[in-house]
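Visitor: Below is one structure. I have some questions about it.
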Amino acid sequence: MIESMLVFGLVNSAVLMLLALGFSLTFGLSGVANFSHGGIYLFAGYLAYFLLKMGLPYFIAVVLTIFITALLGAAIYKLIVIRVRGIVLNEVIATFAIGICMLEFFRWLGFVTYEYSLPYIARGRFTIFETTLDYQRSLIIVVALLLAVFLWFFTHRTKTGLALLGMAQDEYTALAVGIDSDWAATYSFAIGGAFAAIAAVMILPLGIININIGYEVLLIALAVTVLGGLESTKGLILACIILGYAQVITSTFFAPHWKEAVYLAAILIVLAVKPSGLLGKFKELEERV
Amino acid sequence: MKKKKALWGLLVALMLLSVWSISGCSPQEAPTQVASGEPIVVAIPTALGSIEGRDGVRAIEMAVEEINAAGGVNLAGEQRPFEVVTIDTREHEAGIPIHDALAALERIILTEEPHAILFGAFRSEVLLASMDVIAEHKIPYIVTTAMTPEMQTKIAENYDEYKYIFRMCLNAPYLVMYLNQMMGYLETEFGFNKAFIVAQDVLWAKGTGGGVEAWLNNNNWEVVGFDVYPTGAGDFSSSLTKARQGGAQVIVPIFDMPQSGVLVKQARDMEVPALLAGFISPAAPENAWDVFEGELDGLINFIFEIGPLPAEAVPMSIEFNKKFGEKFGESARASLAGHAPGPSYDSVYVLKEAIERAGSLDGDAIVAALEETDTYGVIGRIRFDENHQVVYGMDPAETALGGAFQWREPGVRVPVFPEMIAEDDIELPPYM
């Protein structure tokens with residue numbers, strides 16, 4: 001039981017991390033909470049499905065999906081969010097509306113049947129600690145870790161990443177040294193979209209693509225980001241591990257019924273005790289004051 | 001500037017489109033109207049975005065088209081066509097409150113003034129709440145999805161108020177009856193005596209799970225566990241681990257949510273050596289084998305009402321599949337839901353016959369005529385019991401029929417239960 005809990009707790013954490021990385025990155029770098037993340041995630045899922053259905057080879061379909069979804073992310077910022085940038089409430093309403101429009105548009109198109117699914121990248125299983133784990137879930141763990149490392153490296157070791165981070169820390173100072181605010185935000189929306197697409201092609205093969213998943217993704221991303229801290233990659237990883245294992249433990253020792261409540265409880269507790277998140281720094285000073 | 005305006009226009013159009021699809025009332029004219037005279041308005045307030053809702057509405061439209069093409073309903077000597085109006089209650093989605101679905105029901109009653117309501121509530125919770133609205137408006141209401149037996153209890157307790165409500169689909173106790181009989185068969189045939197139940201956290205599924213659990217406990221089975229998952233849950237590893245460690249030979253899944261497809265794949269991924277036998281809605285359609293990449297081998301899945309599963313013992317079910325495929329395409333037929341299409345199609349004919357017997361559109365007269373129903377449809381023989389539930393059993397010549405099939409290589413659904421429709425014995429899959 002314990003071995004299984006350890007293994008599937010890790011899988012669960014990795015799934016959460018993949019789902020939240022794009023949202024967290026956009027939030028951390030542009031300061032805009034992109035509530036259309038769930039819609040973008042589902043867009044990527046359906047896009048990959050139709051590209052594969054058209055007969056494209058898997059690798060090409062995946063690369064195209066990631067690229068097109070990144071463009072969609074950038075377009076959302078350039079066409080809509082840019083007009084309300086800086087007015088937090090309007091940003092929330094605009095991105096939320098886009099997300100709802102996308103999800104309901106899919107429903108309107110009739111994507112409600114059970115026929116939409118993506119294939120596993122690799123089929124097969126192996127045994128670890130007497131627990132059988134399939135290749136797909138193993139890959140999810142690997143990809144989640146790689147993306148987290150990439151995200152940390154990108155924001156701390158590349159000029160572009162540092163520019164984005166600078167913009168997130170203090171927009172006026174960043175502008176003063178020549179960093180274009182809109183360029184930075186467009187870039188972060190595009191990367192956020194690409195991350196959502198990667199999450200979609202990794203996670204959606206576990207089941208079937210369904211519109212309601214888009215709403216759940218948003219809640220997950222929000223919970224993880226609030227718990228970990230807005231700009232902190234390490235905080236994000238820590239939050240995913242805490243939530244991932246908390247869910248599996250709740251499900252195993254109490255009842256699966258309660259595990260969804262873990263997200264909401266996490267948001268409430270963190271907002272009450274440490275609003276900047278477990279490892280968030282941006283608002284820490286304000287909190288002390 | 002023009003571009004800017006165009007973009008905003010596009011956004012507004014998209015939003016309006018979305019709002020319209022969320023709460024919109026979308027009347028649909030009945031296709032061919034050979035019959036003359038004022039139409040008989042049939043309202044469908046349900047979760048149109050669900051697969052059961054979509055297929056149920058299609059089945060109703062198909063029946064309406066057939067009836068209208070054949071001259072319509074003979075109402076006291078005058079041929080009147082049916083007209084269908086729909087409204088989306090969205091009740092199948094997580095987080096949609098019951099009062100939203102009720103508001104949609106009230107709205108279509110007040111704006112369209114229907115003579116009867118078909119398909120009805122998708123969720124049992126909404127059905128129970130709708131009963132008072134129906135009682136107030138006194139409109140005959142035939143439900144073909146929601147399964148709670150509480151509906152019958154309420155009718156039994158207050159017949160005069162709730163007599164307008166009828167149910168043609170399977171209810172939870174009948175599903176329990178079928179599941180229990182099949183568990184008995186598995187015990188006799190394979191010596192199984194350990195089961196694990198996993199159900200969705202909705203009224204009908206929990207009720208069904210509870211019924212199966214009680215029967216198993218009373219029949220010397222060991223129930224290794226009974227887990228309930230909220231709608232939308234996508235990881236079943238803890239239950240599957242418990243099932244394996246407890247030595248469960250049968251896992252009984254009871255779900256109508258799309259995410260339950262994960263359970264099937266995860267059980268194979270974790271190599272759980274147990275037979276899955278129950279209801280997983282995404283695994284019911286004929287095209288599910290391809291969707292699940294062949295991971296369904298051995299799964300026993302129920303079709304709540306014969307119709308979507310063509311069975312030789314019920315010739316009308318074969319005819320129904322043929323006509324549905326011709327009208328909506330093979331792809332639509334192959335994705336037919338395992339619950340609702342059959343009784344939804346039959347409900348139109350049952351209503352037509354009741355109106356003709358009553359010779360009136362008066363709610364009370366139609367109710368009295370509906371109670372006398374004794375006819376055959378794609379679900380078998382159709383008769384209502386004293387609490388307005390269609391009687392289900394094992395012989396389609398005597399009662400309506402539900403059944404189970406087993407997925408087999410190379411992706412075929414083999415009817416295996418009950419005996420009247422079984423085309424082969426249940427086989428244990430290779431992983432057991």
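The values are calculated or read from the model by the stated rules, or taken from the named source; none is laboratory data. Keep in mind it's a predicted model, so treat the numbers as computed, not measured. Cβ coordinates were reconstructed from backbone atoms using ideal geometry, including for glycine residues, and neighbour counts include every protein chain displayed.
Visitor: Which ones in the range B:329-360 are under 19 Å from the mean Cα position of the chain (by Cα) and surrounded by fewer than 21 Cβ atoms within 10 Å (Cβ to Cβ)?
Guide: Matches in the range B:329-360: B:Ala332, B:Ala334, B:Tyr349.
Visitor: While we're here: Only one of B:Gly234, B:Gly207, B:Gly211 is within 14 Å of another protein chain (Cβ to nearest Cβ) and either crowded, with 20+ Cβ neighbours inside 10 Å or part of a helix (DSSP H, G or I) (or both). Can you tell me which?
Guide: Just one listed residue meets the conditions, B:Gly234.
Visitor: Right, something else. Checking A:Leu56 against (1) outside any helix (DSSP H, G or I); (2) within 19 Å of A:Ala223 (Cα to Cα); (3) of a type in the set (A, V, I, L, M), only one condition comes out false. Which one?
Guide: It fails just one condition, (2).
Visitor: Another question, if that's okay. Which pairs turn up if I take residues in the range B:408-432 that are hydroxyl-bearing (Ser, Thr, Tyr) and look for partners that are in a loop (DSSP other than H, G, I, E, B) with beta carbon separation below 7 Å, at least 6 apart in sequence or on another chain?
Guide: B:Tyr431/B:Glu271; B:Tyr431/B:Pro273
Visitor: Now, a different point. Say we look at the range A:199-214 and pick out the residues that are more than 8 Å from chain B (Cβ to nearest Cβ) and within 16 Å of the chain's Cα centre (by Cα); which of these is nearest to B:Phe292 (Cα to Cα)?
Guide: A:Leu204
This table checks each residue for (1) without any contact (Cβ under 8 Å) to a residue 12 or more places away in the chain; (2) farther than 17 Å from B:Gln406 by Cα; (3) in a helix (DSSP H, G or I).
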| residue | (1), (2), (3) |
| --- | --- |
| B:Leu240 | no, yes, yes |
| B:Ala243 | no, yes, yes |
| B:Val252 | no, no, no |
| B:Ser260 | no, yes, yes |
| B:Pro282 | no, no, yes |
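Visitor: If you don't mind, another one. Given the options A:Tyr41, A:Tyr58, name the one that is over 30 Å from B:Ala243 (Cβ atoms), out of contact with any Pro (no Cβ under 9 Å at 6 or more places or on another chain), within 14 Å of another protein chain (Cβ to nearest Cβ) and not hydrophobic (A, V, I, L, M, F, W, C).
Guide: A:Tyr41
Visitor: Listed residues B:Thr148, B:Thr153; which is in a helix (DSSP H, G or I) and either outside the structural domain of B:Val367 (by TED's automatic domain parsing) or of a type in the set (Val, Ile, Thr) (or both)?
Guide: Testing whether each residue is in a helix (DSSP H, G or I) and either outside the structural domain of B:Val367 (by TED's automatic domain parsing) or of a type in the set (Val, Ile, Thr) (or both) leaves just B:Thr153.
Visitor: Let me ask you something else. Tell me which residues, restricted to the range B:290-321, are assigned to a loop (DSSP other than H, G, I, E, B) and not hydrophobic (A, V, I, L, M, F, W, C).
Guide: Listed by number, the residues that qualify are B:Glu293, B:Gly294, B:Glu295, B:Asp297, B:Gly298, B:Glu305, B:Gly307, B:Pro308, B:Pro310, B:Glu312.
Visitor: What number goes with the only condition from (1) under 22 Å from the mean Cα position of the chain (by Cα); (2) farther than 24 Å from B:Pro258 by Cα; (3) within 8 Å of chain B (Cβ to nearest Cβ); (4) not charged (D, E, K, R) that A:Phe150 does not pass?
Guide: Of (1) under 22 Å from the mean Cα position of the chain (by Cα); (2) farther than 24 Å from B:Pro258 by Cα; (3) within 8 Å of chain B (Cβ to nearest Cβ); (4) not charged (D, E, K, R), only one is false for A:Phe150: (3).
Visitor: Does B:Arg413 meet the test of being charged (D, E, K, R) and either outside the structural domain of B:Met62 (by TED's automatic domain parsing) or over 21 Å from B:Thr144 (Cα atoms) (or both)?
Guide: Here the answer is yes, as B:Arg413 does meet what is asked.
Visitor: In addition: For the range A:15-24, state whether one or more residues are touching a His at 6+ places or on another chain (Cβ under 8 Å), surrounded by 22 or more Cβ atoms within 10 Å (Cβ to Cβ) and more than 11 Å from chain B (Cβ to nearest Cβ).
Guide: Scanning the range A:15-24, I find at least one residue that is touching a His at 6+ places or on another chain (Cβ under 8 Å), surrounded by 22 or more Cβ atoms within 10 Å (Cβ to Cβ) and more than 11 Å from chain B (Cβ to nearest Cβ), so the answer is yes.
Visitor: Right, something else. Being assigned to a loop (DSSP other than H, G, I, E, B) and not β-branched (Val, Ile, Thr) is the filter here; which residues of the range B:368-399 pass it?
Guide: Answer for the range B:368-399, where residues must be assigned to a loop (DSSP other than H, G, I, E, B) and not β-branched (Val, Ile, Thr): B:Glu372, B:Asp385, B:Glu386, B:Asn387, B:His388, B:Met394, B:Asp395, B:Pro396, B:Ala397, B:Glu398.
Visitor: Determine if the range B:243-257 includes at least one residue that is touching a helix residue (DSSP H, G or I) at 6+ places or on another chain (Cβ under 7 Å), of a type in the set (Gly, Ala, Ser), modelled with pLDDT of 90 or more and surrounded by 24 or more Cβ atoms within 10 Å (Cβ to Cβ).
Guide: no
Visitor: So is B:Glu371 assigned by TED's automatic domain parsing to the domain that holds B:His92, modelled with pLDDT of 90 or more, farther than 18 Å from B:Met177 by Cβ and surrounded by fewer than 15 Cβ atoms within 10 Å (Cβ to Cβ) or not?
Guide: Judged against the criteria, B:Glu371 is not a match.
Visitor: With the requirement that a residue be hydrophobic (A, V, I, L, M, F, W, C) and either closer than 14 Å to B:Ser124 by Cβ or surrounded by 24 or more Cβ atoms within 10 Å (Cβ to Cβ) (or both), what does the range B:135-149 give you?
Guide: Correct list: B:Ile142, B:Val143, B:Ala146, B:Met147.
Visitor: Right, next: Suppose we keep only residues that are within 14 Å of chain B (Cβ to nearest Cβ) and within 20 Å of A:Gly22 (Cβ to Cβ) within the range A:241-261. Which one would you say is surrounded by the fewest Cβ atoms within 10 Å (Cβ to Cβ)?
Guide: By that ranking, first place goes to A:Gly244.
Visitor: Here's something else I'd like to know. Of all the residues that make up the range B:289-309, how many are closer than 24 Å to B:Leu186 by Cα and crowded, with 20+ Cβ neighbours inside 10 Å?
Guide: 13
Visitor: Then there is this: When the residues of the range A:86-137 are filtered to those that are without any contact (Cβ under 8 Å) to a residue 24 or more places away in the chain, of a type in the set (Ser, Thr, Tyr) and under 21 Å from A:Ser13 (Cα atoms), which remaining residue is nearest to the other protein chains (Cβ to nearest Cβ)?
Guide: A:Thr132
Visitor: Quick one: which residue in B:Ala369, B:Ala354, B:Ala358, B:Ala397 is free of Cβ contacts under 8 Å to residues at least 12 places away in the same chain and of a type in the set (A, V, I, L, M, F, W, C)?
Guide: B:Ala358
Visitor: Look through B:Val41, B:Val64, B:Val57 and report the one residue that is in contact (Cβ under 8 Å) with a residue 40 or more places away in the chain and within 14 Å of chain A (Cβ to nearest Cβ).
Guide: B:Val57
Visitor: So is A:Thr225 away from chain B (no Cβ under 14 Å), of a type outside the set (D, E, K, R) and crowded, with 18+ Cβ neighbours inside 10 Å or not?
Guide: Yes; evaluated as a whole, the condition is true for this residue.
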